[in-house]
Each structure stands twice: as structure tokens, then as C-alpha cells.
1. Quick test of your reading of the structure: His80 fulfils all but one of (1) assigned to a helix (DSSP H, G or I); (2) at pLDDT below 95; (3) under 20 Å from Gly153 (Cβ atoms). Name the failing condition by number.
2. Return the residues of region 52-101 that are among the small types (Gly, Ala, Ser), surrounded by 17 or more Cβ atoms within 10 Å (Cβ to Cβ) and in contact with a Phe, Trp or Tyr (Cβ under 9 Å, 6 or more places away or on another chain); say none if nothing qualifies.
3. Return yes or no: is Asp297 more than 26 Å from Thr88 (Cα to Cα), out of contact with any strand residue (DSSP E or B) (no Cβ under 7 Å at 6 or more places or on another chain) and not hydrophobic (A, V, I, L, M, F, W, C)?
4. Could you tell me which of the residues Asp146, Asp124, Asp129 is touching a residue at least 60 places away in the same chain (Cβ under 8 Å) and part of a helix (DSSP H, G or I)?
5. Being closer than 25 Å to Cys89 by Cβ and among the charged types (D, E, K, R) narrows it down to one residue among Glu143, Glu107; which is it?
6. Would you confirm whether or not region 351-361 contains a residue that is open to solvent by less than 40 Å² (accessible area, probe 1.4 Å), under 16 Å from Cys263 (Cα atoms) and either outside any loop (DSSP other than H, G, I, E, B) or modelled with pLDDT of 90 or more (or both)?
7. Answer yes or no as to whether Phe104 is surrounded by 15 or more Cβ atoms within 10 Å (Cβ to Cβ), aromatic (Phe, Trp, Tyr), touching a strand residue (DSSP E or B) at 6+ places or on another chain (Cβ under 6 Å) and over 28 Å from Asn269 (Cα atoms).
8. Check off (1) buried (at least 18 other Cβ atoms within 10 Å of the Cβ); (2) not in a helix (DSSP H, G or I); (3) not hydrophobic (A, V, I, L, M, F, W, C) for Thr139 and give me the number that stays unchecked.
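The values are calculated or read from the model by the stated rules, or taken from the named source; none is laboratory data. It should be emphasised that the depicted structure is a prediction, and the values quoted were computed from it without experimental measurement. Ideal geometry is used to build each Cβ from the backbone, glycine not excepted, and the neighbour counts take in all protein chains shown. Just the protein is used for accessible areas: all its heavy atoms, side chains included, with ligands, DNA and RNA removed. Shrake-Rupley method; radii C 1.70, N 1.55, O 1.52, S 1.80 Å.
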Amino acid sequence: PSATPSAYPSQKPSHQPTTIPSLPAPSGQPSTEAPTNCIDDTLFNFTLDIGSIQDCEWLTRNSDPIKVALRITRYCNRGHVKGACQRTCDFCPCQDDSSFVYDFDDEGLRGCDWLLEEGDPLIDASRIDDFCYADEEKTVASEVGDACVLSCGFCSESQIEFEFPSLSPTKTISVAPSRVPTLIPSLHSAAPSSKPSTLRSEHPMAGPSATPSAYPSQKPSHQPTTIPSLPAPSGQPSTEAPTNCIDDTLFNFTLDIGSIQDCEWLTRNSDPIKVALRITRYCNRGHVKGACQRTCDFCPCQDDSSFVYDFDDEGLRGCDWLLEEGDPLIDASRIDDFCYADEEKTVASEVGDACVLSCGFCSESQIEFEFPSLSPTKTISVAPSRVPTLIPSLHSAAPSSKPSTLRSEHPMAGPSATPSA
């Protein structure tokens, strides 16, 4: 046996009992810290991008792991969601992003601790009110709120005890009574609310509503509708062909640990949380989401219209700058200079992550390039070109040094006279 105990617990049970007790004597006092509970706030609700209201459980309430992964990817990076849905979003302990910096006061970049550093209750509360929310209703986290989840007060089981009143009401009912009584009583409304409640009624209506709802239902109806969707069928067929939202089956990319994987790997796991983490990590990279469009929910494959970058030290420009010259060599040179993060031209840069279409990362590209690229393509084309090439293929003056990896379209009628190398 070792002379000193190991720093970590063993991963497997021992084959025989120990001969030395864990401690010379039992502890004299109970532990002073309670275990950290990694749970979701069952009373929390948030608004989806389509306008409907959901709770933490909704994030994983689907039998399709891809849909679960997409829900987690879309909403668990938002401070107000991951602070309340800590278990589902795998955000335990609930804390600030220590690497985040922001220019709060136009005096330089500061971390999340700036929000509470004054120690003055009203100043700290005012900073939270000014920087932690993206909307006037104070229900959606801002960029600061997404990173400073604890300091902004989005953690349901907060590790901060505020000794001063907030400038805005809390978004959820407390799950435990307060330790001290409030100094100001609750307000009673003198008139009914001007907006409808966003929470489900405990006493639903006995009959159907008089007008249709603005959003689709989240559950199937118990009986068929009595009114058709349209008064009559459409008089003409649709004018646009459906967009093919598929993954490039020939695409491969390198993981952060160095191994090579394909699009299918992103969802090749029975654990929806692990699938979500894979998609969150890799589907924001231009070369991945451009090829794995279906898995990354990136259809149609396009540029980020809000992205701007100082390409030429003459001011911020959008993705269209890459191709605006109309000169084949200039445009190809810009793509070569700005769209990649590595010399091998296999990993998208910050520009490539945003300008996926202009950089040529879309497998089924919507741009027809009329000029040759400066670098060879990484995958074989899956369909023939629509027009003939202007430059013929090169013919080698000597036999190749390596054997072909593709099958010949004209195989020999019999065996070769000499064995192959």
C-alpha cells in the first residue's frame, strides 16, 4: 500500500476491506456547508423566439434528440434561461464567465465584478438594471446578462445575498421564504391588468375561444377542426422549389482534441445533453455549419447580415465586401486572406464563421463562382458542373508517384502482365 492516501477517490471498488480507518476518530461537528443542488427552477417560464411561453422541462420534452439539442443550443446560452434551468443547461454551479470583459463606463474593459464593486446598494442595483437586460420589460438577458449570470441575479439558487431592494421585480416566485421580513408591503392593483397573463390558467375555459390564437398549439387537439385552413385551395402551384436542407456526407472536420469526425458524429450519442454540447461547440464554426446544414439547423446556408469587420483598415464592412470587386483574382484573394484561421485552409476564421456563404463554406452553395479558387476544394463535388470549364485539366508528363484512390471507369479486360506495386 502507498505511504500516503491518494488525492482522488478510486474509480473501482477494492477487492478487500481496508485495514486503516478513514479518520483517527469521527468528526466532532457536522459539516458547515450544505451540498449544492443542481436543479431547475420549476416556476420559471421564458418566451421562445416565436412568442410562446415555455418552462425548463420543455427544453428536453421531445423524443427526437436532434430537436432537443437544437433547443438547448438556441436557449441555454441565454443568461436568464441557463440561470434558472441549471440542470438542463448543464450550468452548475451557476456563476459568472470569468473571461468576459465589457466596456461598461467608456473607461476600458472590465469584468462582471464591476457590476457590484461599488458596494452601494442603489448604484449596484442601477448597474444591473442598465446592463443586464436586453428589453424594457426586464425579462431577457443582454450580452452582459448572458455572461454575468450570477452578478446579474439570474441564478435561481443565487450565491449572492442582496441586502437592498431591486429596482425591478423578480421574474419568478421565490421557492423559499425570506430570512427577514420586507420593509415595504406588496402593492395591490386598483384596476385589472392591461396585458393578459403569460402563465397557464388554473381554471381553464369550459368552451373554445371566440377568435383563433396567434401561435400554434404545443399539443395535438383532441378532435378535428370544424373550419378549414383556407376558404379554397390555392389557384397556382408554389413558385419556388423547396430548399434541400442536407448534410454533406463527404465532409470531415477536426475536433479540438485532434480526431477527425463527420456531420453524423454531432448527434451520434444517446445522451441529449452531450449532443447539445457537441452542437453548441462546433455548429457555430463556419466550415462545420456550412457543410452540416441540417444537423446544425443552418438552412438556408447564408451570411450573417449583421456581421461587420474592418477588412482594409478603412472602416467596418459586411460580408459582401469579400466579393464586391467582381474581379475573380481579387475576390479569391480576399477569401483566401480572411476566411480561414489556419494555413491549411481547413478551419473557418471569425470572418468565415459569419460569412459562410461568401467564403464558400456552403456545401450546396448559392453562389456560382466563375473563377478558379486559389486553393483546391476539400471534398469531391456531389453533382456535375452546370457549364463546361474554361481551362482544361492538366496532363502529367510522367506517371504519378502514388496510386489512384478512385476506381477506374474503364477497367482492364484481363489481369495485368506485371504485379502492382
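1. (2)
2. Gly79, Gly83, Ala84
3. Spelling it out, it is not the case that Asp297 is more than 26 Å from Thr88 (Cα to Cα), out of contact with any strand residue (DSSP E or B) (no Cβ under 7 Å at 6 or more places or on another chain) and not hydrophobic (A, V, I, L, M, F, W, C).
4. None of the other options fit; the residue is Asp146.
5. Glu143
6. The answer is yes; a qualifying residue exists.
7. Yes: the conditions hold for Phe104.
8. (1)
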